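The values are calculated or read from the model by the stated rules, or taken from the named source; none is laboratory data. It should be emphasised that the depicted structure is a prediction, and the values quoted were computed from it without experimental measurement. Reconstructed Cβ throughout: ideal geometry from the backbone, glycine too, with neighbour counts over all protein chains shown.
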Amino acid sequence: MLIQIRNIYRKYAPELDTYMTTEEAEDLHNLRISQIQINNLFEKPVTKIYRWDDEYTTEKYLKLIQSYSDFHDINDEKKQAILESVADYIESENGKIVVPQEVRLYMARK
């Protein structure tokens with residue numbers, strides 16, 4: 001998630017800020033590797049990292065936000081503030097943003 005949008009979440013609904021920094025993701029990755037190797041139940045895992053960028057228009061990103069179940073748990077005032085602030089931010093970026101994505105796959109033989 002882009003830091004600018006993350007800051008909007010932090011401002012209006014910090015309980016929704018569940019995204020990880022790159023450093024937090026790396027720490028979690030190392031923890032998963034060690035958990036897989038604990039008790040020698042598995043061989044050394046092979047990991048694959050898949051990265052890509054998703055491009056969103058203002059409308060598309062606002063629809064995405066509204067599809068999140070935790071977004072429905074906050075009150076209408078917070079929802080409206082987030083939607084308006086995110087829309088303003090995306091519009092300031094010529095109506096489009098690019099959001100980097102990452103998925104990690106872990107494979108280990110028994």
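Among the residues of this structure, Tyr61 does not count as one that is surrounded by 13 or more Cβ atoms within 10 Å (Cβ to Cβ), in contact with a Leu (Cβ under 8 Å, 6 or more places away or on another chain) and among the aromatic types (Phe, Trp, Tyr).
Scanning region 28-42 for residues that are surrounded by 11 or more Cβ atoms within 10 Å (Cβ to Cβ) and either free of Cβ contacts under 8 Å to residues at least 60 places away in the same chain or not aromatic (Phe, Trp, Tyr) (or both) turns up Leu28, His29, Arg32, Ile33, Gln35, Ile36, Gln37. I need every pair where a residue in region 60-83 that is outside any helix (DSSP H, G or I) has its Cβ under 7 Å from the Cβ of a residue that is modelled with pLDDT of 95 or more and of a type outside the set (A, V, I, L, M), sequence separation at least 6 or different chains. Cβ pairs passing all conditions: none. Looking at Lys11, Lys44, just one residue is charged (D, E, K, R) and part of a helix (DSSP H, G or I), and that residue is Lys11.
On the basis of being part of a helix (DSSP H, G or I), aliphatic (A, V, I, L, M) and in contact (Cβ under 8 Å) with a residue 40 or more places away in the chain, does Ile90 make the cut? It is false that Ile90 is part of a helix (DSSP H, G or I), aliphatic (A, V, I, L, M) and in contact (Cβ under 8 Å) with a residue 40 or more places away in the chain.
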